[in-house]
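First the structure, which I've put down as structure tokens, then a few questions once you've had a look.
The values are calculated or read from the model by the stated rules, or taken from the named source; none is laboratory data. Every value quoted in this text rests on a predicted model; they were computed, and no experiment measured them. So basically every Cβ, Gly included, is an ideal-geometry build from the backbone, and we count neighbours across all protein chains shown.
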């Protein structure tokens, strides 16, 4: 079987090379060619021994995802749709800013969490991506944009695992991809500039803190269990007190001294003064009621879609909500909506492939009861 070398972090590639009878430094050379130079053709890798290049041709390849489409926003945001087989596709979004270039990467085809305000979640879940499929999004975007901008300098300075899927539900593929992003022989990104966003998979938050601590963003969206159970169904398994405890534990390992809480502003649902006060009480509890959670809040304007039954909070409401949190001493920002003209804004990753995870077909099958199960 031919191995896709994008599936390996440097340690994994070293093991692969050892099986070919090669020393570790060859893996380092190979890793640099793939990730720093974007090479796919082994014959381009001039400092590798010819014998190794010939071996690699028989058992390995550098196989990135195939782009189906590209959409460019008026604000400079770029969205790619990638084919991942079997009628499934995932999306990757590049967001340029004056001081950084951020890439938003998907970890799953679809998402199983099913948050009410997320159009991606309404598609259902198809499968986890492989390490190579996760990392391929960075590989493709980085080297495509270098050619486009005619530069040999790094274009992507920040990666956020905030695309399709719940990253921590694809942990075994996620961690090698993160390690390749951080590796100085790969993309050399700072741990502070790689962010994993989770809806609150508590056990895997603990594992990430031990295995590969990067910046952490938690999709919070509600200040109470009753409301969060409705908006983020995962809360029924890992309620807020468990989630807050996990955040405190993560901070012992994190490259930043705070957790980012993402909060989608929903008109009349979670955007009232009492909700803001409940958030303040959650992260800055009164004396004797628990330890505070050092954090900042990122308030996200909701991007409406028909199936949600929800609407966006007004600008005035968002401003007042942010002011209430700020006055309580909590750093609060309002996310600037980017790429909404190409459906690349937060929660909009529905893409150009209708029902890409075939959720409608699967649900229809479940509604058909086999004759053998019908009692007489």
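Residue 246 - would you say it is surrounded by fewer than 17 Cβ atoms within 10 Å (Cβ to Cβ) and modelled with pLDDT of 95 or more?
No.
For the stretch 212-233, give me the residue count where each residue is closer than 15 Å to residue 266 by Cβ and touching a residue at least 40 places away in the same chain (Cβ under 8 Å).
Of the residues in the stretch 212-233, 10 are closer than 15 Å to residue 266 by Cβ and touching a residue at least 40 places away in the same chain (Cβ under 8 Å).
Still on this structure, please answer the following. With 132, 121, 87 as the choices, which residue is on the phi > 0 side of the Ramachandran plot and either assigned by TED's automatic domain parsing to the domain that holds residue 168 or touching a helix residue (DSSP H, G or I) at 6+ places or on another chain (Cβ under 6 Å) (or both)?
That would be 87, the only listed residue that is on the phi > 0 side of the Ramachandran plot and either assigned by TED's automatic domain parsing to the domain that holds residue 168 or touching a helix residue (DSSP H, G or I) at 6+ places or on another chain (Cβ under 6 Å) (or both).
Looking for something in the same structural domain as residue 123 (by TED's automatic domain parsing), touching a residue at least 12 places away in the same chain (Cβ under 8 Å), farther than 20 Å from residue 202 by Cα and assigned to a loop (DSSP other than H, G, I, E, B) - is there at least one such residue anywhere in the stretch 252-266?
no
If you go through the stretch 156-167, how many residues are surrounded by 18 or more Cβ atoms within 10 Å (Cβ to Cβ) and more than 16 Å from residue 127 (Cβ to Cβ)?
Going through the stretch 156-167 one residue at a time, the tally reaches 6.
Can you tell me which residue in the stretch 255-293 is surrounded by the most Cβ atoms within 10 Å (Cβ to Cβ), limited to those that are in contact with a strand residue (DSSP E or B) (Cβ under 7 Å, 6 or more places away or on another chain) and closer than 15 Å to residue 330 by Cα?
Looking at the filtered set, the residue picked out is 263.
Hey, another quick one. Where residues in the stretch 113-155 are at pLDDT 95 or above, within 14 Å of the chain's Cα centre (by Cα) and part of a helix (DSSP H, G or I), which of them is surrounded by the most Cβ atoms within 10 Å (Cβ to Cβ)?
Residue satisfying both the conditions and the ranking: 134.
Every residue in the stretch 53-66 that is closer than 30 Å to residue 93 by Cα, surrounded by fewer than 16 Cβ atoms within 10 Å (Cβ to Cβ) and in contact with a helix residue (DSSP H, G or I) (Cβ under 8 Å, 6 or more places away or on another chain), please.
Residue satisfying the conditions is 61 alone.
OK, next. Collect the residues in the stretch 67-87 that are surrounded by fewer than 19 Cβ atoms within 10 Å (Cβ to Cβ) and part of a strand (DSSP E or B), keeping them in residue-number order.
Result: 67, 68, 69, 70, 71, 72, 83, 85.
Now a separate question. Tell me, yes or no, whether the stretch 312-322 has at least one residue that is modelled with pLDDT of 90 or more, touching a helix residue (DSSP H, G or I) at 6+ places or on another chain (Cβ under 8 Å), more than 30 Å from residue 78 (Cβ to Cβ) and crowded, with 17+ Cβ neighbours inside 10 Å.
yes
Here's a follow-up. Criterion first (part of a helix (DSSP H, G or I), buried (at least 19 other Cβ atoms within 10 Å of the Cβ) and under 17 Å from the mean Cα position of the chain (by Cα)) does residue 180 satisfy it?
It is true that residue 180 is part of a helix (DSSP H, G or I), buried (at least 19 other Cβ atoms within 10 Å of the Cβ) and under 17 Å from the mean Cα position of the chain (by Cα).
May I pose another question? For the stretch 6-52, which positions are in a loop (DSSP other than H, G, I, E, B) and either surrounded by 21 or more Cβ atoms within 10 Å (Cβ to Cβ) or in contact with a helix residue (DSSP H, G or I) (Cβ under 7 Å, 6 or more places away or on another chain) (or both)?
Hits for the stretch 6-52 are 8, 9, 20, 22, 38, 39, 45, 47, 48.
Select from the stretch 183-211 the residues that are under 15 Å from the mean Cα position of the chain (by Cα) and in a loop (DSSP other than H, G, I, E, B) and write down the one among them that is surrounded by the most Cβ atoms within 10 Å (Cβ to Cβ).
So, considering only residues that are under 15 Å from the mean Cα position of the chain (by Cα) and in a loop (DSSP other than H, G, I, E, B), the one surrounded by the most Cβ atoms within 10 Å (Cβ to Cβ) is 199.
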